[in-house]
1. Looking at (1) out of contact with any Phe, Trp or Tyr (no Cβ under 6 Å at 6 or more places or on another chain); (2) modelled with pLDDT under 95, which is the one condition that is false for Ile47?
2. Considering only the range 101-117, state which residues are touching a Leu at 6+ places or on another chain (Cβ under 9 Å) and either at positive phi or not in a loop (DSSP other than H, G, I, E, B) (or both).
3. Right, Thr223: in the same structural domain as His163 (by TED's automatic domain parsing) and either modelled with pLDDT under 95 or in a loop (DSSP other than H, G, I, E, B) (or both) or not?
4. Tally up the residues in the range 43-68 that are closer than 19 Å to Gly80 by Cα, assigned to a loop (DSSP other than H, G, I, E, B) and out of contact with any Ser or Thr (no Cβ under 6 Å at 6 or more places or on another chain), please.
5. Would you point out the residue of the range 78-100, among those that are outside any loop (DSSP other than H, G, I, E, B) and among the charged types (D, E, K, R), that is nearest to the chain's Cα centre (by Cα)?
6. So which residues in the range 90-105 are without any contact (Cβ under 8 Å) to a residue 24 or more places away in the chain and either surrounded by 13 or more Cβ atoms within 10 Å (Cβ to Cβ) or among the charged types (D, E, K, R) (or both)?
7. Could we say that Glu120 is charged (D, E, K, R), touching a helix residue (DSSP H, G or I) at 6+ places or on another chain (Cβ under 9 Å), outside the structural domain of Arg14 (by TED's automatic domain parsing) and not in a strand (DSSP E or B) here?
8. Kindly list, by first and then second residue, each pair from a residue in the range 52-67 that is free of Cβ contacts under 8 Å to residues at least 60 places away in the same chain and surrounded by 18 or more Cβ atoms within 10 Å (Cβ to Cβ) to a residue that is of a type in the set (Ser, Thr, Tyr) and in a helix (DSSP H, G or I), limited to pairs with Cβ atoms under 9 Å and residues at least 6 apart or on different chains.
Amino acid sequence: MRALVVEDDPVSARLIEQALKSENMVSEPANCGEDGIELAKLYDFDIIVLDLRLPDIDGYEVVRRLRSAKVQTPILILSGRSDPTDKVKGLMGGADDYLTKPFSPRELLARVRAVLRRYETARELLPARDGKLRAYRFASWELNLRTRRLTSSEGKRVELSNHEFSLLQAFCSAPGRVLSREQLLDLTRLHSAEVYDRSIDVQILRLRRKIEPNPSQPEYIRTQRGAGYLFDVRVEALH
């Protein structure tokens, strides 16, 4: 596996390289944002470890430009900033995780493994990403992926939280398949939503109240005891 390490501090870069090497990952260094962007566009990496403070452009700009260029490689941001607003900005901009400095190699590896597992889950369960996909239609509902809006066939708009949107998007991406709580956690986090395992059931309960004809007897999101949940409805992908 190959990692792109965009870090201008040689001490930090060495620490990251040694940690990744212990996981049998080969590191490709870049000491500025522009070089990191070019390498990420030219070569296939399994993950990008990106420092937020770089000598030319900041990490937010790197993430923005990579996602605008349709580079889908997982991105882990490293930053000395601990302000929650910085973390939210990074995740909403398209990064997959955010780790503050100083960090231990053990924590770095745990975050890397978690991000890679989420993408592996997506590869196993979801169809190949289609940048032209506009929306999903199921039953009397349409979920617009660009505007993040859920609309009924009568034109009624239903407000979804970020958690609910990510969860419904995951279900629409894999209809007719039983998804475990762990898989749902991976798939929702893939869309940068901070959903935690213990809240999956709560989020599903809230989502049922918004889309089911009778939430107490769900027809779409069915519970599979001991296994997880099944989105038991025909889904049409709209381009």
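1. It is condition (2) that Ile47 fails.
2. The initial filter retains those residues of the range 101-117 that are touching a Leu at 6+ places or on another chain (Cβ under 9 Å), namely 101, 103, 105, 107-109, 111-112, 115.
Matches in the range 101-117: Pro105, Glu107, Leu108, Leu109, Arg111, Val112, Val115.
3. Values: in the same structural domain as His163 (by TED's automatic domain parsing): yes; either modelled with pLDDT under 95 or in a loop (DSSP other than H, G, I, E, B) (or both): no.
Criteria not met by Thr223.
4. Let us first name the residues in the range 43-68 that are closer than 19 Å to Gly80 by Cα, namely 48-63.
Next, from what is left, pick out any that are assigned to a loop (DSSP other than H, G, I, E, B): 52-58.
Subsequent filtering for residues that are out of contact with any Ser or Thr (no Cβ under 6 Å at 6 or more places or on another chain) retains 53-58.
Of the residues in the range 43-68, 6 are closer than 19 Å to Gly80 by Cα, assigned to a loop (DSSP other than H, G, I, E, B) and out of contact with any Ser or Thr (no Cβ under 6 Å at 6 or more places or on another chain).
5. Quick first cut of the range 78-100, residues outside any loop (DSSP other than H, G, I, E, B) only: 78-79, 84-93, 97-100.
When the remaining residues are screened for being among the charged types (D, E, K, R), the result is 86-87, 89, 97.
Working: Asp86: 17, Lys87: 14, Lys89: 14, Asp97: 8 Å.
If we take residues in the range 78-100 being outside any loop (DSSP other than H, G, I, E, B) and among the charged types (D, E, K, R), then Asp97 is nearest to the chain's Cα centre (by Cα).
6. Of the residues in the range 90-105, the ones without any contact (Cβ under 8 Å) to a residue 24 or more places away in the chain are 97-100, 102, 104.
Asp97, Tyr98, Leu99, Thr100, listed by residue number.
7. On the way: charged (D, E, K, R): yes; touching a helix residue (DSSP H, G or I) at 6+ places or on another chain (Cβ under 9 Å): yes; outside the structural domain of Arg14 (by TED's automatic domain parsing): no; not in a strand (DSSP E or B): yes.
In short, no.
8. Partner pairs satisfying both residue conditions: Leu52/Tyr60.
The values are calculated or read from the model by the stated rules, or taken from the named source; none is laboratory data. Just so we're clear, the structure is a prediction, and the values are computed from it rather than from any experiment. Cβ: placed from backbone, ideal geometry, glycine included. Neighbour counts: every protein chain shown.
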